[in-house]
1. How are the alpha carbon pair distances in the protein assembly as shown distributed across 10 Å bins from zero to the largest one, expressed in percent?
2. For the range B:7-142, rounded, prolate or oblate, judged on the Cα gyration tensor with a ≥ b ≥ c (square roots of eigenvalues), a/c < 1.5 rounded, else prolate if a/b > b/c?
3. Under 1.5 on a/c is rounded, so check that first for chain B, then, if it is not, pick prolate when a/b is larger than b/c and oblate when it is not; a ≥ b ≥ c are the square roots of the alpha carbon gyration tensor eigenvalues.
4. So who's got an amide H within less than 5 Å of the one on residue B:72, skipping anything under 5 residues away but keeping other chains? H placed 1.01 Å off N, in plane.
5. Given R₀ = 22 Å, what would the calculated FRET efficiency be for residue A:271 paired with residue A:140, taking r from the Cβ atoms and rounding to 0.05?
6. Could you give me the ³J(HN,Hα) list for the range A:208-216, computed from phi with Karplus coefficients 6.51, -1.76, 1.60 and θ = phi - 60°, whole Hz, x at Gly and Pro?
7. Of A:311, A:402, A:243, which is farthest along the charge dipole of chain A in the positive direction, counting Lys and Arg as +1 and Asp and Glu as -1 at C-beta?
8. State, as an integer percentage, the relative contact order of chain B based on alpha-carbon contacts under 8 Å between residues 6 or more apart.
Amino acid sequence: MGLMASAQVALRALSSNKLRSALTMLGIIIGVGAVVTLMSAGNAVRGFITDQFQSIGSNLLFVAPGTFETQRGPGSAPSGKGLTNGDANALLDPFLAPDVAAVTLELTGSDVVDSGGEEAFLSISGVSPNYSELRNAGLSAGRFFNIGDQVAESRVAVIGPIVVDELFPENALPIDEQIRIGDVPFRVIGILESRGGSAFANEDNVVYIPLSTAQTRVFPSRGSRGDFHISVIYAQAVSEDRTSEAAEQIENVLRQRHEIMPGDDDDFTVISQAEILASAGDVLGVITIFLGAIAAISLLVGGIGIMNIMLVSVTERTREIGLRKAVGARRQDIRNQFLIESVVLAVVGGAIGVVLGLLGTLGIGLLASDLNPTLSLQAVALATGFSALVGLFFGIYPATRAAALNPIDALR
Amino acid sequence: MEAYSSVVASSNGPVIAVKDLTRTYLLGEVEVRALRGVSFEIEAGGLLAVMGPSGSGKSTLMNLLGCLDKPDSGSYLLESEEVGRLNDDQLARIRSRKLGFVFQTFNLLARTTALANCELPMLYAGVPNGERRERAERALELVGLADRMKHHPNELSGGQQQRVAIARALVNDPAIIFADEPTGNLDSKSGIEVIEILQGLNRNDGITVLLVTHDPFIARHTDRVLRLQDGRIVADEAIHHALIAGEAERPSNLDLEEEIA
C-alpha cells in the first residue's frame, strides 16, 4: 500500500472521531498560536523601538559623565570631573573633532512647579537653544528659546503637553501664563508636540528652560574651576556613517580636557544611538527567545498530548489493527497509518495555531496602537515545521507499538 | 446468483496441503502442544467444516491455515506454494491475495460504511481507487446488500453485518475463505442465511470454503467434516447428502453421528 492510501486511511480514522481529534490538536494549536503571536509581538516591539530612536534624531551621540560602572544610579553625583559647558564647547573645535557637527547641552533636575492654581513635582531640563532641532522636538504652539534667551538668562519655559494638563487643566493653550519653579517665576512661551513615552523617559512631562537660566537660578551648578556643570551632551555627527569616528574624537577631546593618563579609564561615557539600538535589540532578542522557549514548551506538551492520545488510540483500536493485518496490512502499513495520523493532527493543529496567531497579532495591533505587528513568516514556518516534527517524533512510539501487534492477539 | 469468481478453481493439485503440522506455544510457564502433527488436503472447490471441542487445537489450526501464525514444523502448501516459512510481510501479502476471513464477531470497522469496509483488503493489495469501489459494490450486491452500501455497521443487523464481512472476504478473489464460527453470534435464521451465502459461493462460483463450527446442524451443510481432538485429526468424514441451506429444518434433537453413518 502506498503512502497516499495510508494517508487516506489515516484521514478517515481522524475524521471519524472529530471531537477527540480536535481535543488532541488543542495543545499544538495553543503552542503554535503562542509562538506566532509572541514572535510577531517581539518583532513589533523591535520595530517600535527602532522608530523611537529614529524620532530622537539619527546620528546622535550621547555623552554622559561617569561610566556605567561608576555611576551609582540616575541623579547621583557622578564620579570624576563631570561634564561642563567648556567640555561641550571644546567638541565644536573643527580640528580636534571634525566629525562633530553640532552639540546641545542639557542640565536636568526636578522641582515643584506651581501655576498659581495647580502644583506638581516635575522634571526640569535646562537646554541649549538648538535642543529642539537636534532632538527633533517640534512645538504645537509658541516658540522655542533663542540665543537671546540664552544670553539674557531669561525666565521663559517651554512645557510638554502633559505638563499643560497638570498645571493648566482648564487652559489648553497657556502661552504667556506664569509658572514658578521653586521660587523663580517663569513665563510659558511654547508648548511641545506630544511625542509619547520613549524608551527611557516621557519627554511630554518635562519643563524646558534655557540652560543658562537653569545653571544660574534654578540648579546653580558652578564647578570648582568656575565652569558650569551639565548632565549630558548631545553631539550630532556630520553624517550617520561618521558616528563612530565622531565618538572617537569626542573621547580624545574629553580625555585630554579631563587629564586622563593613557591606560586609565574614561570618566565619561559616549554612547551612539546604534549602540543603544543594538543593546536594546539584544535585550529584545533574549526576551523573544525566552518567550519562544515558553511557547516551545507548550508545543512539547502538545506533542506529549498527541502521543498520549495515540497510545490510547492504539489500545482502543487493537481489534481494528488485528483485522487490518488479517486482510493484508503489513507492519509498515499500520505504522504509516498511525504516523500519518499523528503528523496530520500536529500539522492541522499547527495550521489552526497559525490562524490563531494571526488573530493574536491583529489583537495586539488593536490593543497597542503604537505597535504595528506584522505576522512573522519566520515564526509561521518555524512553528509549522516544528509541529510536524513533534507529530512525527511523538507518533513513532505509538505507531511502532501498533505495527508490532500480533494479529492473533489483536483479534482475540 | 451470477458467477462471481472468474477463475473457477481448476488448478492442478489441492488448494491446501498440510503435512505433519505441529505448533507448541507457551502459556506462562506451561507448554501447550496445540497441534501434534496434522495432515490433510483440501481440494479446490471444497466445502468443509472443522469441528472439535475447545482446546482441541481448532483455533491454532485456523491461525496457521490463515497465515496469521507459523508452524513449528511440518509443511503447509497453499496452491502448491510453501508458506510455512515466510516472514511477516510475505504472509501479509499471501493473506491479502489468497485468503478471505469471516469472523464470529464480524470485525467490521465501526463508523465506516459497508462499502468502505469491503474496500479495505483491496487497499492493502494495491487495487486502484475506481476498481476498488466497483469490486466492493459487486461483492455487496452478491451478498444481497446492494441497498445497504452506505450504511454503517451499527445500522445493520447481525446477519447483514456478517454478509458485509463475507463480501469483504470475497473482494480479492481468494483461493479459500476461512469462516471461523460465522454463525456463532447470530440467531438461527440469520445463521442459516449466512450459510446459504457461503454455500452459494461454493456451489455456484466454485469458491473453496472452510468453516469452523460447534454446531452439528451447520456442519451438515458441508461436504466434509474434520474432527480435531487434542491436537490431532481424529476423524475425516465425508457427508454424502449435504443439507441445502434454507430447505432443511433444524431437528429438535440432532444426532450427527447417525446422519453421517
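Coordinate-derived values only; no laboratory data. Since we're looking at a predicted model, the values are computed, not measured. All Cβ positions, even for glycine, are placed from backbone atoms using ideal geometry, and neighbour counts span all protein chains on display.
1. In order of increasing distance, the bins hold 3, 12, 16, 13, 9, 7, 6, 6, 7, 8, 7, 4, 1, 0 percent.
2. Values: a/c = 1.98, a/b = 1.55, b/c = 1.28.
Prolate, because a/c is 1.5 or more and a/b exceeds b/c.
3. Working: a/c = 1.55, a/b = 1.18, b/c = 1.32.
Cα axes put chain B in the oblate bin.
4. B:22, B:23, B:24
5. Details: r = 30 Å, r/R0 = 1.34.
The formula returns an efficiency of 0.15 here.
6. 9, 9, x, 4, 4, 4, 4, 6, 9
7. So the residue furthest toward the plus end is A:402.
8. Values: 522 pairs, mean separation 67.7, N = 261.
About 26 percent, as a whole number.
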